[in-house]
Amino acid sequence: MSQNHEKTAADTQQDETPVHQKNLRLWPALLLVITGILSSRLTELYEDAPSWLWMVVAFGPLLCSLLALVWWTFFSRTNLRQRIYGLIGIIGTGSIVLLLLDQTMYGPVIMMITFPLGMTGFVAGLYLSRWLPLPQNWLAVTGCILGFGYSLFFRYEGMWGDFTVRLAPRWQPTSESLLLNREAGEEDAMPLARRLQSLEQISWPGFRGEARRGIATTSKLDTDWVKHPPKEQWRIKIGPGWSSFAVAGELLFTQEQRGENECVTCYNARSGKEIWIHMEQTRLDDPLGGPGPRATPTLYQGRLYTLGSTGILLCLNPVNGEIIWKVDIPKEAGRSVPMWGFCASPLTLGEHVIVHASESGEKDVFGYKASNGELAWTAAAGEHSYSSPQQMNFNDDQQVAILHDEGLTLLDPTTGTILVEHAWPHSGYRALQPCVVGERQIVLPTGMGTGTRLLEIDVESDNWNVKEIWTSKNLKSDFNDFGLFCVKNGFKSLPTEPKVVSLYLTHLSTKDAKMSTLKRRMVSIGVIHRLKGHYLDTKHPSIIENIMGIKRRKGSIQKGKKPILISHLKKIINAIDQQKKEEIKKLRDRSIILIGFSGGFRRNEIVSLDYEDLDFVDEGLKINLKRSKTDQFGEGSIKGLPYFENYQYCPVISIQKWVKISKISSGPLFRRFKKGLILSEQRLTDQTVALLIKEYLQVAGIDCKNYSGHSLRSGFATTAAESGAEERSIMAMTGHKSSEMVRRYIKEANLFKNNALNKIKI
């Protein structure tokens with residue numbers, strides 16, 4: 001009996017391992033491991049990888065590892081006991097490692113390195129068990145321990161732009177700790193007179209230089225670094241952060257993190273020694289972005305403005321770093337810190353400091369008084385963005401451009417009034433800057449696969465109109481075509497000369513390329529030059545004159561948008577009244593359209609109206625227009641809207657009903673609706689007015705593509721001219737300072753009325 005027992009046990013022992021090895025279906029796990037490794041290296045194969053490929057790099061290894069775990073649990077063909085032992089090994093090892101990891105490793109490292117390596121080690125152990133005379137689970141769990149344990153020896157130090165994780169030995173001190181533990185060096189005792197003299201020589205006032213154009217005009221660098229390489233003058237260690245420098249004479253201003261303190265620091269440009277430092281006890285340490293401030297200081301009119309990563313806005317004396325005023329934006333605005341902190345560099349224009357708060361709904365852009373830090377205005381601009389406010393200059397005025405997830409918003413820097421809203425949604429986080437090209441064109445970069453767009457701002461009419469010139473998902477393809485042209489003709493493509501660009505445009509015109517194509521190619525060439533650090537004068541006479549000549553040869557008829565006449569207006573109002581919508585929504589929309597037409601209002605004038613601007617009298621409605629485009633000094637004007645005989649189309653009656661149903665007694669007259677048609681406190685934008693007009697034109701059966709937000713105003717002027725109204729009376733209503741535009745409306749109105757053909761009878 002003893003012999004039989006020994007024989008049975010021996011047979012079982014001989015058969016157990018081979019059976020398990022034979023039954024194990026290992027090839028899916030090996031395939032998943034190899035796929036995970038390859039997915040982490042995909043972007044190395046593509047210079048301009050699409051956005052989805054970056055997501056594969058970030059999440060591919062984790063997904064493959066999770067699928068390998070699913071394979072082991074359900075599809076590996078091992079017995080239940082083996083699978084349970086394996087899961088215990090994976091979960092137990094992973095849990096212990098997570099407890100022992102350096103705190104910096106939590107976040108992207110776990111999903112990109114720790115867990116994928118653990119599962120890779122597990123699968124590798126299973127594979128080795130086929131060739132080594134050791135128990136299968138022992139080898140698998142040993143590989144799992146080695147894979148997971150790898151992360152215990154390292155510290156996370158950030159991530160490169162290609163999603164490559166930076167690791168350093170855990171036992172080595174960080175550069176930040178070395179900076180904090182070093183002995184205090186000798187501070188630079190720059191005399192007060194030299195500091196004041198430096199502040200009169202501002203060469204780089206802040207983020208991207210003067211007007212944020214990214215162009216340095218005060219000095220010229222030698223670009224031939226082979227013959228004349230730059231020589232290092234000094235090198236110092238500073239705290240982590242993403243801030244660049246503002247420069248004034250011998251003074252360098254930046255922001256950095258030192259332990260639990262965010263610091264604004266002034267250094268000597270000649271020696272690198274610290275002149276002064278201002279500290280705020282706050283710290284933001286994001287797994288992807290790392291610790292430290294994100295924004296760059298701004299020098300303006302003898303003051304230094306900074307924004308910390310947690311939303312502390314400072315106005316400092318640049319001479320000594322003393323606080324002039326301080327604002328805690330999250331506390332005073334009642335909002336939280338955005339996902340990656342406050343990133344936008346403050347913009348100074350006129351009497352205001354303008355801050356883009358990165359993430360919000362109705363309060364996204366803040367305008368503070370530069371003198372004392374008081375909040376002057378707020379404005380909505382998309383849902384999220386990490387782009388800094390950008391200065392623009394159109395129509396002899398200054399504007400603020402905000403690039404966000406929903407598109408572009410242009411603001412009035414003095415009031416925060418929204419001038420333009422251009423919709424161009426982007427699912428990612430925009431962190432780039434809009435750029436002015438020429439006199440009235442804006443380049444909108446996006447990144448992550450959405451592309452680049454060129455807009456043209458119409459500043460010749462009485463309203464802000466935006467026209468999309470082109471959208472390109474790859475500027476490089478345009479430049480490559482230019483490069484091929486240069487190779488064939490023996491020209492240098494980078495850097496090139498204006499005359500070469502002119503010849504290229506001529507070449508394109510002979511191939512019947514559209515004018516929009518020529519303009520896009522010219523912009524692409526200029527943008528690529530700028531990105532590569534070269535200057536190309538795209539406004540050179542040889543280019544501009546050639547463009548104009550090509551345009552004359554090809555011909556170009558500028559078609560303006562059609563006016564909304566009385567017949568159109570009645571159809572629109574009838575369409576609104578017949579809509580199956582809540583009465584409050586219909587009354588708001590019909591009031592906007594009726595007042596826009598009857599008063600000859602501009603869109604921004606309509607949305608800027610407050611309840612306090614209305615005065616109902618026996619004759620009708622007096623409207624106090626506080627400011628308009630042609631009233632730059634804010635003198636104001638009063639418009640009168642009489643009662644109409646036909647009450648259905650009477651703007652006065654419509655507004656009376658709107659005020660009653662909305663229960664508005666102060667503040668903005670026309671407002672946004674929240675979900676459930678709940679009236680908000682947020683003022684409508686002029687772009688919304690344009691969209692409403694197009695929407696109801698379409699509902700009324702009128703092709704909306706030939707109409708714009710300006711069509712109400714032009715419709716009033718044209719209709720008034722057709723009815724025989726005098727030029728001065730039309731101008732009094734529309735607010736035109738010049739008769740030129742009004743005469744154009746009169747001319748159009750008389751196109752058929754005073755036509756000579758009317759005298760001919762056939």
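The values are calculated or read from the model by the stated rules, or taken from the named source; none is laboratory data. As the structure is a prediction and not an experimental result, all values here were calculated from the model. In this analysis, Cβ positions are derived from the backbone assuming ideal geometry, glycine residues included, and neighbour counts consider all displayed protein chains.
Numerical summary
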{"quantity": "Hits in the range 602-650 - residues which are modelled with pLDDT under 80, surrounded by 14 or more Cβ atoms within 10 Å (Cβ to Cβ) and polar (S, T, N, Q)", "calculated": "604, 628, 637"}
{"quantity": "Criterion (under 29 Å from residue 106 (Cα atoms) and of a type in the set (Lys, Arg)) met by exactly one of 270, 283, 303", "calculated": "283"}
{"quantity": "Leading residue by the ranking (surrounded by the fewest Cβ atoms within 10 Å (Cβ to Cβ)) among those in the range 188-207 that are over 19 Å from residue 265 (Cβ atoms) and in contact with a strand residue (DSSP E or B) (Cβ under 9 Å, 6 or more places away or on another chain)", "calculated": "200"}
{"quantity": "Test for residue 584: is it at pLDDT 85 or above, in the same structural domain as residue 504 (by TED's automatic domain parsing) and on the phi < 0 side of the Ramachandran plot", "calculated": "no"}
{"quantity": "Qualifying residue in the range 378-392 (condition: at pLDDT below 85, of a type in the set (Phe, Trp, Tyr) and either surrounded by fewer than 23 Cβ atoms within 10 Å (Cβ to Cβ) or part of a loop (DSSP other than H, G, I, E, B) (or both))", "calculated": "no"}
{"quantity": "All positions within the range 301-322 that are small (Gly, Ala, Ser) and closer than 18 Å to residue 261 by Cα", "calculated": "308, 309, 311, 321"}
{"quantity": "Given (1) more than 19 Å from residue 276 (Cα to Cα); (2) of a type outside the set (S, T, N, Q); (3) free of Cβ contacts under 8 Å to residues at least 60 places away in the same chain, index of the condition residue 211 fails", "calculated": "(3)"}
{"quantity": "Residues that are within 30 Å of residue 291 (Cβ to Cβ) and either touching a residue at least 60 places away in the same chain (Cβ under 8 Å) or crowded, with 20+ Cβ neighbours inside 10 Å (or both), drawn from the range 111-140", "calculated": "112, 113, 114, 115, 116, 117, 118"}
{"quantity": "Residue check, residue 256 acidic (Asp, Glu), in the same structural domain as residue 347 (by TED's automatic domain parsing), surrounded by fewer than 16 Cβ atoms within 10 Å (Cβ to Cβ) and under 20 Å from residue 176 (Cα atoms)", "calculated": "no"}
{"quantity": "Single condition residue 403 does not satisfy, out of (1) in a loop (DSSP other than H, G, I, E, B); (2) surrounded by 23 or more Cβ atoms within 10 Å (Cβ to Cβ); (3) in contact (Cβ under 8 Å) with a residue 40 or more places away in the chain", "calculated": "(1)"}
{"quantity": "Helices (runs of 4 or more DSSP H) enclosed by the range 103-183 - at least 1 residues per element that are modelled with pLDDT of 90 or more", "calculated": "115-128, 136-149"}
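For (1) buried (at least 17 other Cβ atoms within 10 Å of the Cβ); (2) among the acidic types (Asp, Glu); (3) in a strand (DSSP E or B); (4) modelled with pLDDT under 85, each residue gets a yes or a no:
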| site | (1), (2), (3), (4) |
| --- | --- |
| 664 | yes, no, no, no |
| 677 | no, no, no, yes |
| 681 | no, yes, yes, yes |
| 689 | yes, no, no, yes |
